[in-house]
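The values are calculated or read from the model by the stated rules, or taken from the named source; none is laboratory data. Every value quoted in this text rests on a predicted model; they were computed, and no experiment measured them. So basically every Cβ, Gly included, is an ideal-geometry build from the backbone, and we count neighbours across all protein chains shown.
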Amino acid sequence: MLPTQILTTVEQTFRAASGRVLATLIGLCKDFELAEEAMQDAFTIALERWRDEGIPDNPAAWITTTARHRLIDRLRRQQTYTRKLAALQKDYQQPLTDTERLSESEEYPDERLKLIFTCCHPALAYDAQIALTLRTLGGLTTEEIAHAFLTPVPTMAQRLVRAKRKIRDAGIPFGAPPAQMLTERVDAVLTTLYLIFNEGYTASAGDALQRHDLCNEAIRLSRLLVMLLQSATLTPPQSMQPATAEALGLLALMLLHYARRDARLDAEGALLTLEEQNRAHWRHEEMAEGIALLDQALHLQQPGPYQIQAAISALHAQAPTPAATDWPQIAALYGALARIQPSPIIELNRAVAIAMAQGPAQGLALLDQLGSVAELADYHLFHAARADLLRRSGQWQAAATAYQAALTRVGNQIERLYLERRLREIAQRAETTTIK
């Protein structure tokens, strides 16, 4: 039996560093499957070595160096050993035996951004581009990615295998494309960063509500992408403006959301909705930066879905109290978003905004229309939103049924506890009403 501390450290290191390690290895050998195998070897070795030798001061550096060792071992067993090993040693001049000197600052600083652009090559299907990046860079499981796409797990697993083989067989180069070819990949890159952030902001499974490693990584990479696009606009000034505006909008959206991270849980770790949060605990400097970035994006006069979402978040950020929220404007923005990017989830959010602006009955009528949409049948937030509107309208039994439906579909433990709390409140209200 392995000590709990070692298991915890390995899990934390994987969550925090696997994307960085994998991007570095892929950058060196240009082979997704080989890099994944080498990294998996390193984590397996860690479970054995750390038990006997103790946990190193820098676990991520230890994993990176060990993975490089394993990569060389695997290359020796391949016919391409001489060519690839020479490239590997050229790219990495430090002695591979030094496991303590390697620090994050010595990693290739833009390898992860290169990996995103490689995964988002137009030779791959659009969904496959995004899914592969989430798997390799974001470290998301196949189940988490399937949840993000509202897709069956076996389907997503096959999609990932095919994408990796297509990159290998087609000889897709590793790295960002020339400036004149950036636009054909930017949409998929933005979507990937958006989904990585979403998974970090509200984890689809597990005991923690937020995965700060994913949120911080998505924000960091979005900043790099903005810098890349802004420098690229100097060459083709007009063609790059829509992509630059949307990258700015996405970064603004992330900052505006993540600025609320300290207020999303109460002192006991229970979930607080936006309406329940103490706004004094929001990070207002980050919100101000997000609003400033949104202004930069809007100045380019190239509207897009991320800018619209950022504008919605800005309205929440600027409301001093929940009652002061400009729900009619938010509902109108969701309507504009639905026209640009039709989606059942956007329609769900629009219905909630209309309910807050015009009353629960209006929102419930719209949700009833969405009830037949297949993508929402197993989406727990659809049932949770419906339950909340039924609660607000005093339909206790129907609300309880909807909360039960949400509970059978939720994967995150913090969200589950919140839904259970609401269900208990509904039961108490229903009992009180019956007694009267």
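Structural remarks
Residue by residue, here is whether (1) more than 20 Å from GLY290 (Cα to Cα); (2) modelled with pLDDT under 80 holds:
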| site | (1), (2) |
| --- | --- |
| ALA131 | yes, no |
| THR136 | yes, no |
| GLY139 | yes, yes |
| ALA146 | yes, no |
| PRO154 | yes, no |
| ILE196 | no, no |
| ALA205 | yes, yes |
| ALA218 | no, no |
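- Hey, ASP262 out of contact with any Lys or Arg (no Cβ under 8 Å at 6 or more places or on another chain) and at pLDDT 95 or above or not: no
- Looking across ALA176, ALA123, one residue alone is closer than 23 Å to ILE219 by Cβ and at pLDDT below 85. It is ALA176.
- The set of residues in segment 152-169 that are touching a residue at least 24 places away in the same chain (Cβ under 8 Å) and over 20 Å from LEU25 (Cβ atoms) comprises MET156, ARG159, ARG162.
- Exclusive hit being surrounded by fewer than 20 Cβ atoms within 10 Å (Cβ to Cβ), more than 19 Å from PHE149 (Cα to Cα), of a type in the set (A, V, I, L, M) and without any contact (Cβ under 8 Å) to a residue 40 or more places away in the chain, set ALA374, ALA398, ALA402: ALA398
- Subset of segment 377-395 [buried (at least 18 other Cβ atoms within 10 Å of the Cβ) and basic (Lys, Arg)]: ARG386, ARG391
- Counted residues, segment 379-436 - those being part of a loop (DSSP other than H, G, I, E, B) and either of a type in the set (A, V, I, L, M) or touching a strand residue (DSSP E or B) at 6+ places or on another chain (Cβ under 6 Å) (or both): 1
- Members of segment 163-181 that are under 22 Å from the mean Cα position of the chain (by Cα) and within 15 Å of GLN129 (Cβ to Cβ): ALA163, LYS164, ALA176
- Residues of segment 327-342 satisfying the condition of being more than 12 Å from LEU366 (Cβ to Cβ), without any contact (Cβ under 8 Å) to a residue 24 or more places away in the chain and surrounded by 15 or more Cβ atoms within 10 Å (Cβ to Cβ): ALA332
- Residue check for GLN329: over 20 Å from LEU193 (Cβ atoms), at pLDDT 95 or above and not in a helix (DSSP H, G or I): no
- Residue that is modelled with the highest pLDDT [pool: residues in segment 226-246 that are part of a loop (DSSP other than H, G, I, E, B) and within 14 Å of PRO177 (Cβ to Cβ)]: MET240
- Filter result for THR65 (under 26 Å from ALA157 (Cα atoms), at pLDDT 75 or above and among the hydroxyl-bearing types (Ser, Thr, Tyr)): no
- Selected residue (criterion: farthest from ALA67 (Cα to Cα)) from residues of segment 9-23 that are hydroxyl-bearing (Ser, Thr, Tyr) and either crowded, with 22+ Cβ neighbours inside 10 Å or under 20 Å from the mean Cα position of the chain (by Cα) (or both): THR13
- Scanning segment 242-264 for residues that are of a type outside the set (A, V, I, L, M) and within 23 Å of GLN230 (Cβ to Cβ), we see that the one that is surrounded by the most Cβ atoms within 10 Å (Cβ to Cβ) is GLY249.
- When each of ASP41, ASP57, ASP52, ASP31 is tested for being surrounded by 19 or more Cβ atoms within 10 Å (Cβ to Cβ) and either under 20 Å from PRO173 (Cβ atoms) or of a type outside the set (Ser, Thr, Tyr) (or both), the lone residue that passes is ASP31.
- Within segment 290-307, the residues that satisfy the criterion of being part of a helix (DSSP H, G or I) and under 19 Å from LEU225 (Cβ atoms) are GLY290, ALA292, LEU293, LEU294, ASP295, GLN296, ALA297, LEU298, HIS299, PRO305, TYR306, GLN307.
- Total residues in segment 270-282 satisfying the condition of being part of a loop (DSSP other than H, G, I, E, B) and either out of contact with any helix residue (DSSP H, G or I) (no Cβ under 7 Å at 6 or more places or on another chain) or aliphatic (A, V, I, L, M) (or both): the figure is 5.
- Applying the set (1) in contact (Cβ under 8 Å) with a residue 24 or more places away in the chain; (2) of a type outside the set (Asp, Glu); (3) crowded, with 21+ Cβ neighbours inside 10 Å to LEU367 leaves exactly one unmet item: (1).
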